[in-house]
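The values are calculated or read from the model by the stated rules, or taken from the named source; none is laboratory data. Keep in mind that this is a model prediction, so the values were computed, not measured. FYI the Cβ positions are ideal-geometry reconstructions off the backbone, even for glycines, and counts take in every protein chain you see.
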Amino acid sequence: MTDAALTIRDLRLRSVAVPLKRPLVTRVVTIDKAAFVLIGLETEEGATGRAYLFGYSLAGNACFVPPLRWLADAMKGETVDPETLYPKARKALTLMGHEGIAMMAVSGFDMACWDAYAKAQGKPLVEVLGGKPGKVPAYNSNGLGLIGSEAVADEAQTLIAKGKYTAVKVRLGRETLDDDLTAFRAVRNAIGRISCCRWISTRVLTWMKPFCAARPLMRKTPIGLRSRSATTIWTATPALPATSKRRSRTAKTSTDQKPPPAPSRPRRWIT
C-alpha cells in the first residue's frame, strides 16, 4: 500500500469465544472462554484495518454489535483519518452516551482506523505515531484468579516459567482482606516478584497499606476515575536498599482522595 487516502466501505464483525487453558475465577463468574468481537474496517481501496473488543462472554459480545453497526452506517464514505474520525464517531453515538459500551465501540472503531491508516503508509503503527519498534517489559496476565493460596502459588510459578516472564498479574477480591493477603504473599514467596493487583471494590483505598508491605513492583493509575467505587489498578515500587537516598513511594490511604482533573480530550478505552 502507498500513502493514498482510504475510504470506508463497511465494518465486518465476527463474534468468537476462545477456550482458556486456565479459566479465570472472579467474584461474579468463572470465565472459561475469552469472548471477542473481531472488527474488520473494509475500505474501497482494498486495505482492511483490524481490531477487537473483549466482551467477556458471547452475551457481552452481542452488546457491542449494535453500536458498531451504527458506526458502520454513519462512517461509510468517510476518509480514514483517525484524528478527525474519532470525534465524529463519538458524536454519532451521542444518544447512547459517552461512556460504557458506546465508548468501547468507538474505541474498537478507532483502533481499526489506525490499523488501516498505518497499512496505507506501509509502516508499523508505532512509526506512524512517531516512535520506533523495540522491546518492552511484559508480565504474564493469565490465570491467578480467586483460587486458593496453594493453587495460586503453583500457577504463578508455571506462568513465570512459560515464556521467561519476570512478573505476573495477581487478581484480588476474595471474601476477606486476610484471604487476599494470604494469596498475595503465597505468590510473592513462590516467585519473588509481583506486578499488578486489581480491585473492584469501594474498600480499595483502605486496603492499599497492607499490600504495600508485600512490595509489588509497579503502580498503574485508574483511567477516567470519577469515584472511589471505580475499578482501580495499583501497585507499589519494591523497597529500596537502606543506603539509598531516594525516598520510597507509598500508597495513599486517605478516603478523601479526589478524582483526577478532566482530560483536555476524551480518554479512549484501552482494551
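Quick look at the values:
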read-out: Residues being in contact (Cβ under 8 Å) with a residue 40 or more places away in the chain and not aromatic (Phe, Trp, Tyr) - total across region 100-145; value: 21
read-out: Those residues of region 28-60 which are within 29 Å of GLU175 (Cα to Cα), in contact with a Ser or Thr (Cβ under 9 Å, 6 or more places away or on another chain) and not hydrophobic (A, V, I, L, M, F, W, C), in sequence order; value: LYS33, GLY55
read-out: Count - residues of region 155-189 that are in a helix (DSSP H, G or I), among the charged types (D, E, K, R) and loosely packed, with under 14 Cβ neighbours inside 10 Å; value: 1
read-out: Residue identified as modelled with pLDDT of 95 or more and either assigned to a strand (DSSP E or B) or crowded, with 17+ Cβ neighbours inside 10 Å (or both) among ARG50, ARG69; value: ARG50
read-out: Residues within region 102-131 that are more than 20 Å from ARG50 (Cα to Cα) and more than 22 Å from the chain's Cα centre (by Cα), tallied; value: 1
read-out: Verdict on LEU20 being in a strand (DSSP E or B) and touching a Lys or Arg at 6+ places or on another chain (Cβ under 9 Å); value: yes
read-out: Candidate set: region 53-66, residues that are of a type in the set (Gly, Ala, Ser) and within 17 Å of PRO23 (Cβ to Cβ); chosen: the one surrounded by the most Cβ atoms within 10 Å (Cβ to Cβ); value: GLY55
read-out: Count - residues of region 66-101 that are over 23 Å from ALA118 (Cα atoms), more than 20 Å from the chain's Cα centre (by Cα) and hydrophobic (A, V, I, L, M, F, W, C); value: 5
read-out: Residue in region 131-150 that is aliphatic (A, V, I, L, M), surrounded by 14 or more Cβ atoms within 10 Å (Cβ to Cβ) and part of a helix (DSSP H, G or I) present; value: no
read-out: Total residues in region 5-31, condition surrounded by 14 or more Cβ atoms within 10 Å (Cβ to Cβ) and closer than 15 Å to ASN61 by Cβ; value: 7
read-out: Whichever residue in region 60-98 is in contact (Cβ under 8 Å) with a residue 12 or more places away in the chain and charged (D, E, K, R) and, among such residues, is nearest to PHE36 (Cα to Cα); value: ARG69
read-out: Evaluation of GLU45 against (1) touching a Leu at 6+ places or on another chain (Cβ under 6 Å); (2) loosely packed, with under 14 Cβ neighbours inside 10 Å (one fails), failing number; value: (2)
